[in-house]
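These notes are about the structure you will find just below.
Derivation of every value follows stated rules applied to the coordinates shown; laboratory data play no part. The shown structure was predicted, so the numbers you read here are calculated from the model rather than taken from an experiment. When we count neighbours, we look across all protein chains shown, and the Cβ atoms used for this are built from the backbone with ideal geometry, even at glycine.
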Amino acid sequence: VAAVTIGIAVDDTTVFMVLYNQNLKKYGDEKRALEDTLLAEIRPIFISSVSLAVGFGTLVFSNFVPIAQFGALSAFVMIVAFGTELFITPLTLSSVRLITLWDAIGLALRDRLIKQSLLLQGLSKFQIRRLILMSHMRDAKAGEQIIREGDAGDKMYLVVDGEMSVSKAVNGERKAIAKLESGDVFGEIALVSSQPRTADVFAVTDAKLLSLDWKTLERLRRLSPFITSKLFLNISKILGNRLIETTDKMVCRL
């Protein structure tokens, strides 16, 4: 009974988890990914579970007692598996982040990202891969504006690949402030305060960005406390450096 029915139930669970992982990468939001996965999978799972339960149930009418018992137990397990698939699996997935071994191995990391990024200091390659895969990646096209000066925001970004340009409007003219490459971060002020964005950020080339907000950091804190503690320490160092740079600029203007 276990070999047959659990094997079938695990197949449904595997399909559910694969689709959920795809939706999570697509939307970057656990709730929306779970809702879309449930809407897409509830009908086929219901039909397959009920059909198999009815099929196994017909064996109850067998005159051979072991076959009748096998049919009854298999039908019961299929119904229980359907209930588990409908309630337990979504509840479990809502509190974890799926990371496949293929994703972890296949994620390419630039040497500059690993060696020079202040945000990733103290993390191993595997921990960096885990951080990236547990967070939300955003693709940016060349010329796309990522941040607009004056807008409200609650995310900071890590440049995983590509180049970004930071600029600010001064007396009606756009003045370039900085050029960002793989490993650099921006938007950290909005993450820790309610201040509006202080500059515009454009993608110079096609780029990959890792976005972090408090919701993501809270999930990371639950699942990987060590990685999160390192992130908080590194974010505080980055903010300290920004404060020093701002102070030096103010002194130079005096």
Give the order of 46, 226, 56, 186 when sorted by the count of other beta carbons within 10 angstrom, beginning with the fewest.
226, 46, 186, 56
Cross-link candidates for residue 175: which lysines have Cα within less than 27 Å, leaving aside residues fewer than 8 places away along the same chain?
141, 155, 208, 237, 249
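Filter the trypsin sites (Lys or Arg not before Pro) in the stretch 191-239 to those in DSSP coil with at most 16 other Cβ atoms within 10 Å of their Cβ, and list the result. Don't jump to the answer; show the numbers that get you there.
Working: sites: 197, 208, 215, 219, 221, 222, 230, 237; in loops: 197.
The qualifying sites: there are none.
In µm²/s, what is D for the stretch 106-253 at 20 °C and 1.002 mPa s, where D = kT/(6 pi eta Rh) by Stokes-Einstein and Rh is the Kirkwood radius from Cα pairs? If you can, show how the numbers build up before the last one.
Working: Rh = 15.9 Å.
It comes out at roughly 134 µm²/s.
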Cα centroids of the stretch 222-254 and the stretch 1-73: how far apart, whole angstrom?
49
Answer label for semi-axes √(5λ) of the Cα gyration tensor in Å (calculated), chosen among [x] 52, 17, 15; [y] 47, 27, 15; [z] 28, 20, 19
[x]
List the trypsin sites (Lys or Arg not before Pro) in the stretch 1-53 that DSSP assigns to loop (not H, G, I, E or B) and whose Cβ has at most 12 other Cβ atoms within 10 Å. Which are they?
none
Can you tell me which lysines have their Cα less than 16 Å from the Cα of residue 125? Leave out same-chain residues fewer than eight positions away.
115, 230
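Under the Kirkwood approximation applied to all pairs of distinct alpha-carbon atoms, what is the hydrodynamic radius of the stretch 2-93 in Å? Before the final figure, lay out each step's value.
Numbers: mean 1/r = 0.0714 Å⁻¹.
The answer is 14.0 Å.
So what is the calculated 222 nm ellipticity per residue for the chain, using -39500 (n - 2.57) for each DSSP H run with n of 4 or more, over all residues, to the nearest 500 deg cm²/dmol? It would help to have the intermediate numbers written out before the result.
Values: 10 runs with 139 residues, N = 254.
Value at 222 nm, helices only, nearest 500: -17500 deg cm²/dmol.
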Kindly write out, for the stretch 238-243 in residue order, the coupling ³J(HN,Hα) from the Karplus curve 6.51 cos²θ - 1.76 cosθ + 1.60 (θ = phi - 60°), rounded to whole Hz, with x marking Gly and Pro.
4, 5, x, 5, 4, 5
Under the Debye formula (equal points on every Cα, no solvent term), log10 I(q)/I(0) of the stretch 110-157 at q = 0.19 Å⁻¹
-0.83
Contact order normalised by residue count of the stretch 2-93, Cα under 8 Å, 6+ apart, percent:
30
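Magnitude of the Cβ-charge dipole of the chain, K/R +1 and D/E -1, about the Cα centre, nearest 20 debye? Before the final figure, lay out the partial values.
Details: 31 positive and 27 negative charges, 166 e Å.
Dipole magnitude for the chain comes out near 800 debye.
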Given contacts defined as C-alpha pairs under 8 Å and at least six residues apart, what's the relative contact order of the chain, whole-number percent?
17
Provide the FRET efficiency to the nearest 0.05 for the residue 177-residue 218 pair, computing r from the beta carbons and using R0 = 30 Å.
0.45
